Structures are given as C-alpha cells and as structure tokens.
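Accompanying notes for the structure given below.
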Amino acid sequence: MTTNDELRGRFEAAFMRNYGVPPVAIARGEGCSVWDVDGRRYLDLIGGIAVTSLGHSHPALVEAVSRQVATLAHTSNLYLHEPEVLLAEKLLALLGEPARVFLSNSGTEANEAAVKIAIKYGKTHGRGYMVATENGFHGRTLGALSLTGKPAIRDQFGPFPLDVRFVPYGDADALKSAVTEDCAAVFLEPTQGEAGVIPPPDGYFRTAREICSSAGALLVADEIQSAIGRTGHWFAHQAEGVVPDVLTLAKGLGGGMPIGACIGFGEAGEVFAKGDHGSTFGGNPVSCAAALAVLDTIERDGLLGNVVTVGALLSEGIAAVRHPLLKGVRGRGLWLAAVLTAPKSAQVQAVAQEAGFLVNALQPDAVRLAPPLVITESDVQTFLDALPGILEAADV
Ligand SMILES: *Cc1c(COP(=O)(O)O)cnc(C)c1O
C-alpha cells in the first residue's frame, strides 16, 4: 500500500515546486467525507475550493458522467452536441436575461474570454484601459493575471499587455473616479474570495453597476467562486438586484469536472464574431453533463435553502465561540472565513486536519470554509463542537 508520506515524497520529486507539497494524499470521497491513502477519514469543509457542490461521488454526478463518457466524450467545436445546448439554455433560464454563453475548461479561461470581449468592446468604442481591485483574484493566465491585484503572484510576471488600474475593493468613490469614458471594463468579484472571503459594504455592487452604466464601461462580474449556490443564491449578483454585462463562472459549476463559462448579456454577448475565440475542450460533453447534473440536483433537492440554513448554523456557531485566537466570522451562505486575531491560520489548518477536518489557511489570519452544498446540520455541528479545542491547540 502507498502511504501518505511515500506519495508526498514522490510528488516532491516529480512535480514543479509551484504548489509546494500538499499535506495529505486523498484516495476517495463520499458525500462530505474524504479518506486519505492511509485510510483516515476527514470531514471536507473546503470542497476542493468551492468546487464539489454536490459532495463526493454524488449518484447524480456519477450517473451523468458515466452515461455521457460511455456515449460521447468529445466532439471539439467543429461539431455541436445536445449537453452543451441544454447547459447553455439552463444557465440562461437561471439568469432570466437575454444573453449568450461561451464554455471554457476553467475559471481563468472564462476570464480570458471576458478580457477579449472587453478589449474588442474597448477598441470599438475608443476605450483603452480596464479597472480591477486591489487584492482581487481573477486567475493565473496572463490576461486574468494582469487583472489580479495581488503583487506577490503578479509582479514578477509583468509587464502585461493590458492597461489595468487598481482601486481599493469596496470603495465606491475610488471606483467612480477610476471609471471614466475611456474605461472599457471593470472586473469585480461580488465578494473577494482569495483575498480572504471579504464582502464589500452593502450596496457596493449596485453602485458599481451604476458607475459602469453611466460611464459606458462593461461590468464584468467574476463569479467563479461565488456562484452556483455558494451564497444561497444561484448567482451572488442576483441578491444585489443588478445584471452585469459579462459574468464568469467555473469552480462549483461542474461539481468537480472541469468547466467554466463566460456569459455576455445584451450587447456584450454580441461582441465576438465568428473566429474571435475558441477552445478545443471547452464545453466538452462530459463536463456539460456534469454541470447539468449539478444544476438539476441543486434545484430538485432545494440545496439553495440548505445553503442558507446550514450556512447560518455554521456562521452563527463560529461567531458564538469565545476564544482569544478567534476574532469573528465573515462571508455568506456556505462561503465563510473564520478570522483570527493572529497570523496562525496554518496552525489551525494543521490541527484541524489532525482532528479530522479539512479547512483552508486562506490568509495568515483567515481560515476558509466552503463545504459541499449538501452538508448537513449534524456535520457542521461536529465541527463546531471541535472548534474550541482546535483553536486552543493551534494557539501556541
Ligand atoms: C478560482 C478563481 C479563478 C480562477 O479559476 P481557475 O479555475 O483556478 O483558473 C478566477 N476568479 C476567481 C474569483 C476565483 O475564485
């Protein structure tokens, strides 16, 4: 039998060093549990970074993917297939607005499509620059990276071909000053994810919509982490009562299968002409079947309601813990950060893993929780019961 330690050693020898060596080798999963290669069980409270919406090995996902891979795994974009049409129609029905869909394989590729729409829109209308937010995250490929406001992952790969102006997140006045008639697009997360699950002040997203509309700039909502039920809504922007010009999706959409989407509303959906963009794998039938199973299951099983009730239990349960290392909790639905009073998230993650819980040391002082949308109250209660002891053991 291969052990954790052995696999970690072989990983270190074979892979580039961009990830470091992850702490545990996962062998299988079922529901909200995963087991490592040594047979230890963990409650999965991070869900592959807000990806495994239905938990692990969900029968609907297994059935849809198995059936599709046995029927037709790939067509390329030289041919079309029914699963992609059904998926695009389903997304449009959930959005309820006239729009057009492009399917990609990942989040960063969804944003690359959005960047190209913004560039072409900018050229057509004589608009030369884009606006994004400090500490925002939009992906690792060069277009998306140039919009990512995190110097540590960005600066050494510049200069970038895009003129991007960064503004502090949540500051509507700064956004208003930055968005002139020369601005092509504003890229905005409804809540900053990688920065630490940081919701903006109430009304910020709505104000951003007004600022973009009056300046004639496209509002690109990066909902790669926030959509597909994560906050208790299909899409976080729907809670704000506004419609972006471009919407990007990925993470939770495929429930673990790689798929992303770039959706253009109204005029933004008409920017690409034939030949302007493409992807060999994007929208492949297996990933589309997976995404359809995810959306149908969320709907059929009322999972948005589960996100609201179980998310409130988790959030209020964390807020009720009194410990000197715990400052509080922020976020919405099943997308939360436990905020620490000291930069000890790595210790919290390690101690939690030891205790049988997978959580994510997102920032030095923030621990991310983004469990499957199917998580139950009793699973969450198990974690809440263990939390004071985890904080105590981490606070050394
Ligand atoms: C994860 C994420 C991305 C990048 O998605 P990948 O699939 O890793 O390329 C982009 N934007 C946001 C908001 C994300 O959370």
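Derivation of every value follows stated rules applied to the coordinates shown; laboratory data play no part. Computed from a prediction, not measured in an experiment: that's the story for all the values here. Neighbour counts are summed over all protein chains in view; Cβ atoms, including those assigned to glycine, are modelled from backbone coordinates with ideal geometry.
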Looking only at region 72-300, where both bridge partners belong to it, what percent of the DSSP beta bridges are antiparallel (to the nearest 5)? 40 percent
Work out the charge dipole of region 72-300 with +1 on the Cβ of Lys and Arg and -1 on the Cβ of Asp and Glu about the Cα centre, then indicate which of SER279, ILE211, SER104 is farthest towards its positive end. SER279
Degrees separating the helix 204-215 axis from the principal Cα axis of the chain, which is the longest one: 20 degrees
Potential extension, GLU97-ASP155 segment - 0.36 nm per residue separation minus Cα distance: 17.1 nm
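Taking the Cβ of GLY356 as the center, what net charge do the other residues with Cβ under 10 Å away carry, scoring Lys and Arg +1 and Asp and Glu -1? Please report the intermediate quantities before stating the final value.
Working: positive: ARG40, ARG41; negative: GLU354.
Cβ neighbours under 10 Å give a net charge of +1.
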Expected output is a single nm value to one decimal: the length gained when fully extending between GLU63 and GLN381, i.e. 0.36 nm times separation in residues minus the C-alpha distance. What is it? 111.4 nm
Estimated vicinal HN-Hα couplings, Hz - region 345-354 in sequence order (Karplus 6.51, -1.76, 1.60; Gly, Pro = x): 5, 4, 5, 4, 4, 5, 5, 4, 4, 4
For region 17-26, what does the Karplus curve 6.51 cos²θ - 1.76 cosθ + 1.60, with θ = phi - 60°, yield as ³J(HN,Hα) per residue in whole Hz, taken in order and with x for Gly and Pro? 8, 5, 9, x, 10, x, x, 8, 9, 8
Gap in Å between the Cα centre of region 55-93 and the Cα centre of region 170-222? 33 Å
Would you grab the residues whose amide H sits under 5 Å from the one on LYS327? Only those 5+ places off in sequence or on another chain, please, with H modelled 1.01 Å from N. VAL339, LEU340, THR341
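Between ARG300 and ALA273, 0.36 nm times their residue separation minus their Cα-Cα distance comes to what?
Numbers: separation 27, 0.36 × 27 = 9.72 nm, distance 3.66 nm.
So the chain would gain 6.1 nm between ARG300 and ALA273.
Excluding ASP276 itself, what net charge comes from residues whose Cβ is under 9 Å from its Cβ, given Lys and Arg +1 and Asp and Glu -1? Each step should come with its number before you reach the end.
On the way: positive: LYS116, LYS120, LYS274; negative: none.
The answer is +3.
Go ahead and estimate [θ] at 222 nm for the chain from helices alone: -39,500 (n - 2.57) per DSSP H run with n ≥ 4, summed, over the residue count, rounded to 500. Don't jump to the answer; show the numbers that get you there.
Details: 14 runs with 154 residues, N = 396.
When only DSSP H runs of four or more count, the value is -12000 deg cm²/dmol.
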Answer in debye to the nearest 20: the dipole magnitude of the chain about its Cα centre, from +1 Lys/Arg and -1 Asp/Glu charges placed on Cβ, is 480 debye
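Quick one: work out the % antiparallel among DSSP beta bridges in the chain, nearest 5. Write down the numbers at each step before the final one.
Values: 32 of 50 bridges.
The answer is about 65 percent antiparallel.
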